[in-house]
2 protein chains.
Amino acid sequence: MPSLSEENYLKAILFLSGQTQAAVSTNELAARLDAKAASVTEMLRRLSEKKWVEYRPYKGVYLSPAGQDLAAKVLRKHRLWETFLVEKLHFGWEEVHEVAEQLEHISSPKLTDRLSAFLGHPEYDPHGDPIPDPNGVFPKRPKRTLSEVPAGQKVLVQGVRDGDSDFLRYVRQLGIALGDELEVEAVQPFDQSQQVRHGERLLTLSAIAAANIYVL
Amino acid sequence: MPSLSEENYLKAILFLSGQTQAAVSTNELAARLDAKAASVTEMLRRLSEKKWVEYRPYKGVYLSPAGQDLAAKVLRKHRLWETFLVEKLHFGWEEVHEVAEQLEHISSPKLTDRLSAFLGHPEYDPHGDPIPDPNGVFPKRPKRTLSEVPAGQKVLVQGVRDGDSDFLRYVRQLGIALGDELEVEAVQPFDQSQQVRHGERLLTLSAIAAANIYVL
DNA sequence: CTTTATTTTTAGGCTTTCCTAATTTTATTG
DNA sequence: CAATAAAATTAGGAAAGCCTAAAAATAAAG
Ligand SMILES: [Mn+2]
Ligand SMILES: [Mn+2]
Ligand SMILES: [Mn+2]
Ligand SMILES: [Mn+2]
């Protein structure tokens, strides 16, 4: 029922409001969607008329229950398709986002169900992001970044920030994959860069890189 | 580069002009696309400006080489996705067309290539329709309908007319699948209905049904 | 608590894709 | 070939999305 553009707005509001469901501002949305603020205002009025968001001019916007459901369904499709592309078609994890941005708008509940089954009902996508179930419920897992881990501790790589394909290529090049064990051997007081043991090898990660790797 | 709507027009022109590449009329297109003639005229002007068709007002339209290439690519995706849905996700062959109408517009040459490889580079879709190769070349196979087969002859089922899901469901219900052997035992002079042997069983097919089954 | 800066909305336009109604061109036919 | 019918185009308009520029509301500073 929502148009492609409406789906993208709902997804952006879901992303920006995070788990707190905080109100999202017009400019935040404009930045995220690479659109002008005026366009956002206009769309918010439409989404509000359709009861998918609560919108108070000048105050911000958040998703209605119906909007949350729609946004979660789109995100579910996005992440299932990313999983398909990596698992079945052997795409690199840095290549899948753009294609999934298109595939997420395909409207066929049966296709989504069958795809999920075909993939073995995965709970996490190739970047470690949770895939909501058909009812929009996310599998929950506490999220800590590698940069928060003190020296001497061992952790398991659980996810990476998607959205920057340079970073994703870099991580692959390092040889780090989801599920791998890392041990933080030292943290430089100077720049917070980390010496990390990965199997036999010792890697050096900048604080920025470490902040984009999620661990358990 | 072409919009979703433009792709649908190009595909319709390809379909209606057939292998003869005959000029297609405005009304034919309007009927096929379920649009009004005025809308078609407008779009043909745009497609013509973009050099994807040759359009002579009041005379008809046909595809330029560039337009043929684009239309074949869309058709290739449509048929690859139909094959995916049937072979991998176990859809019925009567269920796949609508979903493929959406999927055919996904723009990612890499995805199309990988999908084709994943499916083993099929040459025919679930309805027996030829899948053009990446250069827009169709595998050719002479097409005869079952209704043209005289009594006493044995044939192999090669395809079925897609586009009517009632018919597709009916054929499945009969137990006839692509590749099956049929022997026409008798043709009623009265209504051209056929007595057809399919393995052990003897089926009766109306002339209309027989005209929608392609054989070799 | 004004003044200034920032954020947001409004006003007015543009493109794409459709539509209906009116007009024009082409085809058919007596 | 003139009259009528059918097919196609033109005219004019609507909705969705998006934009720039101007105005209004809110937030931040002095
Ligand atoms: Mn993604
Ligand atoms: Mn992802
Ligand atoms: Mn089809
Ligand atoms: Mn088909």
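The values are calculated or read from the model by the stated rules, or taken from the named source; none is laboratory data. The structure presented is a predicted model; accordingly, all values stated were derived computationally and were not measured. Methodologically, a virtual Cβ is constructed for each residue, glycine included, from the backbone with ideal geometry; neighbour enumeration extends over all protein chains shown.
Select from region B:59-101 the residues that are closer than 17 Å to B:LEU16 by Cβ and either more than 15 Å from ligand 3 (Cβ to nearest atom) or touching a Pro at 6+ places or on another chain (Cβ under 8 Å) (or both) and list them in ascending order. Result: B:LYS59, B:GLY60, B:VAL61, B:TYR62, B:LEU63, B:SER64, B:GLY67, B:GLN68, B:LEU70, B:ALA72, B:LEU75.
Out of A:LEU178, A:LEU156, A:LEU111, one residue alone is away from chain B (no Cβ under 11 Å) and either within 21 Å of B:LEU85 (Cα to Cα) or not in a loop (DSSP other than H, G, I, E, B) (or both). It is A:LEU156. No other residue among A:HIS105, A:HIS90, A:HIS97 is exposed (fewer than 14 other Cβ atoms within 10 Å of the Cβ), of a type outside the set (Gly, Ala, Ser) and out of contact with any strand residue (DSSP E or B) (no Cβ under 9 Å at 6 or more places or on another chain) apart from A:HIS90. Regarding B:HIS90, is this residue within 22 Å of B:LEU10 (Cα to Cα), touching a helix residue (DSSP H, G or I) at 6+ places or on another chain (Cβ under 9 Å), within 14 Å of another protein chain (Cβ to nearest Cβ) and at pLDDT 95 or above? No.
Please find, within region A:185-203, the residue that is surrounded by the most Cβ atoms within 10 Å (Cβ to Cβ) out of those that are assigned to a strand (DSSP E or B) and over 27 Å from the mean Cα position of the chain (by Cα).
If we filter region A:185-203 for residues that are assigned to a strand (DSSP E or B), which is where we start, we get A:185-187, A:194-198, A:201-203.
Subset that is over 27 Å from the mean Cα position of the chain (by Cα): A:185-187, A:201-202.
Details: A:GLU185: 14, A:ALA186: 14, A:VAL187: 19, A:ARG201: 9, A:LEU202: 12.
Result: A:VAL187.
Looking only at region B:60-87, count how many residues are hydrophobic (A, V, I, L, M, F, W, C) and either away from chain A (no Cβ under 13 Å) or in contact with a strand residue (DSSP E or B) (Cβ under 8 Å, 6 or more places away or on another chain) (or both). So that I can check it myself, show each step before the final result.
Initial filter on region B:60-87 (hydrophobic (A, V, I, L, M, F, W, C)): B:61, B:63, B:66, B:70-72, B:74-75, B:80-81, B:84-86.
In the following step, the residues that additionally are either away from chain A (no Cβ under 13 Å) or in contact with a strand residue (DSSP E or B) (Cβ under 8 Å, 6 or more places away or on another chain) (or both) were identified as B:61, B:63, B:66, B:70-72, B:74-75.
Residues that pass the stated criteria total 8.
Please count how many residues of region B:4-29 are within 14 Å of chain A (Cβ to nearest Cβ) and either among the basic types (Lys, Arg) or within 13 Å of DNA strand D (Cβ to nearest atom) (or both). Spell out how you get there, then give the answer.
Restricting attention to region B:4-29, the residues satisfying the condition of being within 14 Å of chain A (Cβ to nearest Cβ) are B:4-5, B:7.
Remaining after also requiring either among the basic types (Lys, Arg) or within 13 Å of DNA strand D (Cβ to nearest atom) (or both): B:4-5.
Within region B:4-29, residues that are within 14 Å of chain A (Cβ to nearest Cβ) and either among the basic types (Lys, Arg) or within 13 Å of DNA strand D (Cβ to nearest atom) (or both) number 2.
The single residue among B:VAL53, B:VAL40 that is at pLDDT 95 or above and within 12 Å of DNA strand C (Cβ to nearest atom) turns out to be B:VAL40. Quick check, is A:ARG32 modelled with pLDDT of 95 or more and near DNA strand D (Cβ under 9 Å from one of its atoms)? When the stated conditions are applied, A:ARG32 does not pass them. Apart from one condition, B:GLY120 fits all of (1) assigned to a helix (DSSP H, G or I); (2) within 14 Å of another protein chain (Cβ to nearest Cβ); (3) not acidic (Asp, Glu); the exception is (1).
Take B:GLU104 and decide whether it is within 13 Å of chain A (Cβ to nearest Cβ) and either in contact (Cβ under 8 Å) with a residue 60 or more places away in the chain or within 16 Å of ligand 2 (Cβ to nearest atom) (or both). Full working, then the answer.
Details: within 13 Å of chain A (Cβ to nearest Cβ): yes; either in contact (Cβ under 8 Å) with a residue 60 or more places away in the chain or within 16 Å of ligand 2 (Cβ to nearest atom) (or both): yes.
So B:GLU104 passes the test.
With respect to B:VAL184, determine if the residue is more than 30 Å from A:LEU85 (Cα to Cα) and either aliphatic (A, V, I, L, M) or within 16 Å of ligand 1 (Cβ to nearest atom) (or both).
Yes: the conditions hold for B:VAL184.
Scanning region B:110-134 for residues that are more than 21 Å from B:ALA177 (Cβ to Cβ) and β-branched (Val, Ile, Thr) yields a single hit, B:THR112.
Tell me, yes or no, whether region B:77-98 has at least one residue that is basic (Lys, Arg) and within 16 Å of the chain's Cα centre (by Cα). Working first, answer last.
Restricting attention to region B:77-98, the residues satisfying the condition of being basic (Lys, Arg) are B:77, B:79, B:88.
Now drop any that are not within 16 Å of the chain's Cα centre (by Cα), which leaves B:77, B:79.
Yes, region B:77-98 contains at least one residue that is basic (Lys, Arg) and within 16 Å of the chain's Cα centre (by Cα).
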